[in-house]
Structures are given as structure tokens and as C-alpha cells.
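Here's the structure we're looking at; comments come further down.
The values are calculated or read from the model by the stated rules, or taken from the named source; none is laboratory data. Just so it is clear, the model here is predicted, and its values are computed rather than measured. Note that we place each Cβ from the backbone using ideal geometry, even for glycine, and neighbour counts take in every protein chain shown.
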Amino acid sequence: MNRIIETPKVSEILKEEFMEPLDISAYKLAREIHVPVSRIQDILHDRRKITVDTSLRLAKYFGVSDSYFLDIQNDIDLRNAKMNMEEEIESIQTYHYA
């Protein structure tokens, strides 16, 4: 039996692992990392993905690696794409080098 574990959203990770434990609002986070509050709200409501710019700012603020948030976003995107494209990807033959 294949059990599919739901992919976490970057919004959930940002909110539940960083903002809530530290009692940081979207407004405060936006102010501290010098971005419009709408950018943070859009990320938290899954209307916007993490960009390189945002990843660097969040990383500096929360003291994690520069690519931490971007890596999470890329991992989520890759996992979702693999699930959505599974049949098509499986139909591709691997090139065999001589």
C-alpha cells in the first residue's frame, strides 16, 4: 500500500517553526527584514513562493543558512512535481552511455 504523506507548505514551516514560537507577527517580520507586509502575508497564505531575496532576508533574521528557506521551497516544489508528473517521468527511457 502506498501511503502519501502530505507535503508541508513553506507557509506552515515559517509560521509554526519560526514566527509562532518567537511570537513574531507578519507586520513585525516584514518591518525587521525590510519588505512589504503584503509579501509576508502572501507567503503565509500560499499566494507567493519564497524567492532568493526573501530567503536571504529570512535567513539573516532567523540565523539560519542563506539557502534554508529557498531549499525548503525547492524541495516542496520538486516533491509536488514528481507526484504530478509520475507517469510521464516513468515513461522516459534512461540514456545508456557507451
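Listed values, structure above:
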{"item": "Meets criteria (part of a helix (DSSP H, G or I) and either out of contact with any Ser or Thr (no Cβ under 8 Å at 6 or more places or on another chain) or surrounded by fewer than 12 Cβ atoms within 10 Å (Cβ to Cβ) (or both)) for K49", "result": "no"}
{"item": "Any pair with Cβ under 9 angstrom, 6 or more apart, that starts in the stretch 61-83 at a residue that is surrounded by 13 or more Cβ atoms within 10 Å (Cβ to Cβ) and ends at one that is among the small types (G, A, S) and outside any helix (DSSP H, G or I)", "result": "D71/S65; N74/S67"}
{"item": "Single match in T54, T7, T94 (criterion: surrounded by 16 or more Cβ atoms within 10 Å (Cβ to Cβ) and not acidic (D, E))", "result": "T54"}
{"item": "Residue identified as modelled with pLDDT under 95 and more than 13 Å from the chain's Cα centre (by Cα) among I5, I76", "result": "I5"}
{"item": "So Y61, is it within 30 Å of I33 (Cβ to Cβ) and either acidic (D, E) or touching an Asp or Glu at 6+ places or on another chain (Cβ under 7 Å) (or both)", "result": "yes"}
{"item": "Residues of the stretch 10-31 that turn out to be in a helix (DSSP H, G or I) and surrounded by 15 or more Cβ atoms within 10 Å (Cβ to Cβ), as a count", "result": "10"}
{"item": "Residue check, S38 in contact with a Leu (Cβ under 6 Å, 6 or more places away or on another chain), polar (S, T, N, Q) and outside any loop (DSSP other than H, G, I, E, B)", "result": "no"}
{"item": "Checklist (1) part of a helix (DSSP H, G or I); (2) at pLDDT below 95 applied to A98, failing item", "result": "(1)"}
{"item": "Check on D71, modelled with pLDDT under 95, under 12 Å from the mean Cα position of the chain (by Cα) and either acidic (D, E) or not in a helix (DSSP H, G or I) (or both)", "result": "no"}
